[in-house]
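The structure appears below as C-alpha cells.
The values are calculated or read from the model by the stated rules, or taken from the named source; none is laboratory data. Note that this is a predicted model, so its numbers are computed, not measured. Cβ placement follows ideal geometry from the backbone for every residue including glycine, while neighbour counts extend to all protein chains displayed.
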C-alpha cells in the first residue's frame with residue numbers, strides 16, 4: 001500500500017518532536033538530503049529563484065514555475081516535501097488555485113506568509129511590506145477551504161518582525177487559532193526563540209541559519225519547541241562556494257587536480273550509482289530481454 005506524503009508528514013508531526021530539515025533548490029539537492037537521512041525536505045523559494053533564474057529572492061517566479069519545479073523534486077524522493085508558497089501568488093482565487101496545484105504536485109504542505117505580493121526574502125526587513133492581520137486571516141481561510149486532502153499541511157508565516165516580536169507572537173497565535181497546522185515566526189536570537197516557544201500556542205516551523213548558528217536545536221527542544229527547524233539556504237550556499245572554488249582553480253590553471261585531491265569529489269561511477277543509473281538500465285534490459 002502506498003502511503004501519501006501528506007499522511008507521512010502528519011504522522012511525523014503527531015510524534016510531537018522537533019524535526020530538523022534543510023532547504024532544497026532542485027531535485028539533486030533533494031536526493032542528497034534524502035540520502036543523508038533527513039525525514040522532511042523544505043522546498044526553498046530563495047533557492048528556486050537562484051537556481052531557476054539566477055536572481056535574488058524577490059518574488060520573481062510565477063506560481064506555475066514554482067509548482068512545476070516542486071513537482072519534479074517531489075517525484076525524485078520518497079520523503080515528504082514542504083514548499084514555500086510565498087504570499088499565495090495573488091488574490092483569494094489565486095490562493096485557492098495555489099493550494100490545488102501544490103496538492104496535485106505531490107508536496108505534503110505549504111506555508112503562506114503575511115507579506116504583500118510580490119514578496120521579498122524574509123531576511124530583507126527594510127524591503128518587506130505586510131498585510132493586515134485581517135487580510136491574512138482571510139487568505140488563510142481560503143487556503144484551508146481549498147485543500148481536498150485533510151492531511152495536507154498549511155502553515156502560516158508572519159513577517160511582522162518588521163514591527164516587533166510581540167506583533168509576531170500575536171499574529172502567530174491568531175493564525176493558529178484560525179486553523180493553521182503550524183505557524184512561523186522569524187526570531188533572531190536565543191531570547192527571541194524562547195519568547196516565541198513560550199508564548200505561541202501551536203506547533204512551530206522556524207528557521208536557523210548562519211546568523212543563528214550558535215543556537216542548538218536541542219536547546220530549542222528543551223525549551224519545549226515542537227515542529228520543524230529549517231536550514232533553508234545553507235545547502236545552496238555550500239554548493240555555490242564549492243563550485244566557485246573548483247572553477248576558480250580551473251580558470252586560473254586549466255586544471256582542477258589540486259581541488260580534486262583536496263576535496264575528493266565523486267567520480268562518474270559514484271555519481272551514476274547515486275543518481276540511479278543502474279535502476280534505469282535494469283528496467284530497460286527487462287523489456288529488451290522480452291523483445292529478444
(request) Select, from 167, 100, the only residue that is touching a helix residue (DSSP H, G or I) at 6+ places or on another chain (Cβ under 7 Å), assigned by TED's automatic domain parsing to the domain that holds residue 66 and free of Cβ contacts under 8 Å to residues at least 24 places away in the same chain. (result) 167
(request) Within the range 14-37, count every residue that is under 24 Å from residue 67 (Cα atoms) and assigned to a helix (DSSP H, G or I). (result) 9
(message) Let me confirm something: among 266, 225, which residue is touching a residue at least 12 places away in the same chain (Cβ under 8 Å) and not in a helix (DSSP H, G or I)?
(response) 225
(message) Looking at (1) assigned to a loop (DSSP other than H, G, I, E, B); (2) assigned by TED's automatic domain parsing to the domain that holds residue 135, which one does residue 255 not meet, given that it meets all the others?
(response) (2)
(request) Evaluate the range 75-95: report whether one residue or more is crowded, with 19+ Cβ neighbours inside 10 Å and either in the same structural domain as residue 274 (by TED's automatic domain parsing) or out of contact with any helix residue (DSSP H, G or I) (no Cβ under 9 Å at 6 or more places or on another chain) (or both). (result) no
(request) Tell me which residues, restricted to the range 129-160, are buried (at least 19 other Cβ atoms within 10 Å of the Cβ) and more than 27 Å from residue 80 (Cβ to Cβ). (result) 130, 160
